Amino acid sequence: MTDHTPDRVLIFDTTLRDGEQSPGATMSQSEKLEIALLLDEMGVDIIEAGFPIASEGDFEAVSAIAKVAKSAVICGLARANMKDIDRCWEAVRHSPRPRIHTFIGTSPLHREITKLDPEAMLAVIHDTVTHARNLTDNVQWSAMDAIRTERDYLCRVVETAIRAGASTINIPDTVGYTLPEESAAIIRMLLEKVPDADKVIFATHCHNDLGMATANALAAVGAGARQIECTINGLGERAGNTALEEVVMALKVRRDLMPFITGIDTTKIMNLSRRVAQVSGFPVQFNKAVVGKNAFLHESGIHQDGVLKNVETFEIMRPADIGITETNIAMGKHSGRAALRAKLSDLGFDLADNQLGDVFVRFKALADRKKEVYDDDLIALMSDTATNTDSDYLQVKWLRVICGSEGQSAELKLLVDGVEHYADTSGDGPVDAAFRAVDALYPHKARLQLYQVHAVTEGTDAQATVSVRMEEDGRIVTGSAADTDTILASVKAYVGALNRLRLRREKTAPDADRKTVFMTTPS
Ligand code: KIV
Ligand code: ZN
């Protein structure tokens, strides 16, 4: 251990903004609110709650979060123009600790798109940061594509933003291009060369296109950055953003080399990871660092033997450090409410009495069909309960499928806005027949891009989790569901995706348009 007093590194979570920009990761307002409250409880310093001008839905979500979050700073994103900044302020001002985050692309490629020469861009930065600063003293400014910006010019834009009153300066690696040494060198250079650089907080915002987002963020911290921008599970555009759980645990495990602390209660990580996977429809890969299903599994004999003798042989952190306390003792149809509540709490799901009642009914139904209900079964059941609810516009009421060598057909009763409709269709296989029945009752233009089935546990009575991805006019949505009946899970996942699509249509711009919002010339 070093003698240094650990420095505080701020954790800025952008799951609800950059994370939600992943095609298909749309979350509803209530889901965003739930995630924001969990982030707040976990000790995240700043929550980037959305991009208020992007749509009415984003605006409402940011305002709602600003009204309820207890301790985190609530931040909204705005391009470098007065309209964006005013709209952002309208949404975040409800928070006791609001922040406006405004940005502009500073690299030659972005200057070309915005048709601003270097001097004109400096003027835009000065004017927009000054405008934001007149609304609040907590202004963050980002040089989008900072890594590919000429170094001298980067110093000038940062100096301009500091002079205009920004208190946090973010240096994004927008396209995930940098390497750790370069990431550190840029922060070091800015701290050395820019006047008053020591009066502001430098932030690092890395994307994972080359798999280096965590390494690059930590290198920036080593060089003097004191805010890490990240997302749960590394969710984000393309290959994603720096994963919160990775940087936080790296700082915790390697405090000997990096004497920094965060305010994160790491025991809340696993629960948040599961919830974000559920609501975004982006499952966590099995071998994902820290939160993957296999992250604490020891398969080989040598590893198992070593871990049994001394866990430190093959484990650098304990499962309990991130909130995994389950013993994986199976539950069954004789297990009662109290046992279910205790088991779910171990898994990170703390339920109110009315929620427990609903989950208990579903648990009993599952235990009737499946002899032993394992932890993974309960996680799948919780995910299904959270994603497919009784208030959904479309709900599967009843399904009968005939399959085999004589042909395949499906009969379906579907609730559409509370009204029951019936269809009887045939198709190429039982899943196709069942999806056609849904299409007959709820016609749409969406195209199925992905259909995936996973067995949750072993055995022929295992639950299946089904994920689907659909696309309509550039809008991408996902759906997922779990059931011991694979076809029923498939139809529920398909219907879930259509419910999300409906929600997505209500937001004004399709995904394609939403991206161009970032490129538009500031006004
Ligand atoms: O990656 C990026 O540059 C961003 C900015 C908007 C901060 O997300
Ligand atoms: Zn980003």
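Quick look at the numbers
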item: Cβ-derived FRET efficiency at R0 25 Å, residue 177 paired with residue 130, nearest 0.05; result: 0.20
item: Segment 23-96: trypsin sites (Lys or Arg not before Pro) in DSSP loop, at most 13 other beta carbons within 10 Å; result: 70
item: Angle in degrees between helix 269-280 and the longest Cα principal axis of the chain, rounded to the nearest 10; result: 70
item: For segment 31-39, Karplus couplings with θ = phi - 60° (6.51, -1.76, 1.60), whole Hz, Gly/Pro x; result: 5, 4, 4, 5, 5, 4, 5, 5, 5
item: Label-point separation in nm, residue 82 to residue 150, each point 7 Å along Cα→Cβ; result: 3.0
item: Solvent-accessible heavy-atom area per residue, rounded to whole Å², over segment 327-419 at 1.4 Å; result: 54
item: Those trypsin sites (Lys or Arg not before Pro) in segment 142-227 that DSSP places in a loop and that have at most 14 other beta carbons within 10 Å; result: none
item: Using a Förster distance of 45 Å, the FRET efficiency for residue 371-residue 239 (Cβ separation, nearest 0.05); result: 0.65
item: Projected area averaged over orientations for the chain, convex hull of C-alpha atoms, nm²; result: 26.3
item: Stretchable slack from residue 445 to residue 391, in nm (0.36 nm times residue separation minus alpha-carbon distance); result: 17.1 nm
item: Heavy-atom accessible surface of segment 394-507: percent carbon and sulfur, 1.4 Å; result: 47
item: Under Karplus coefficients 6.51, -1.76 and 1.60, residue-wise ³J(HN,Hα) of segment 383-392 in Hz, glycine/proline x; result: 5, 5, 4, 6, 8, 10, 10, 5, 9, 5
item: Between segment 366-431 and segment 204-253, the Cα center-to-center distance that results, in Å; result: 39
item: Linear extension gain, residue 68 paired with residue 428, 0.36 nm per residue minus alpha-carbon span; result: 124.6 nm
item: Folded to 0 to 90 degrees: helix 430-441 orientation relative to the chain principal axis, Cα; result: 70
item: Exceeding the 23 Å Cα-Cα cut-off - candidates 193/252; 413/445; 32/67; 268/492; 293/333; result: 193/252; 268/492; 293/333
item: Modelled FRET efficiency - R0 51 Å, residue 267 with residue 109, Cβ distances, 0.05 increments; result: 0.75
item: Total formal charge among the other residues, if their Cβ is under 13 angstrom from that of residue 200, Lys/Arg +1 and Asp/Glu -1; result: 0
item: Relative contact order (%) - the chain, alpha-carbon pairs under 8 angstrom, separation at least six; result: 12
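The values are calculated or read from the model by the stated rules, or taken from the named source; none is laboratory data. Owing to the predicted nature of the structure, the values given are computational and were not obtained by experimental measurement. Glycine also receives a Cβ, built like all others from the backbone with ideal geometry; neighbour counts cover every protein chain displayed. Only protein heavy atoms, including side chains, enter the accessible area calculation; ligands, DNA and RNA are left aside. Shrake-Rupley method; radii C 1.70, N 1.55, O 1.52, S 1.80 Å.
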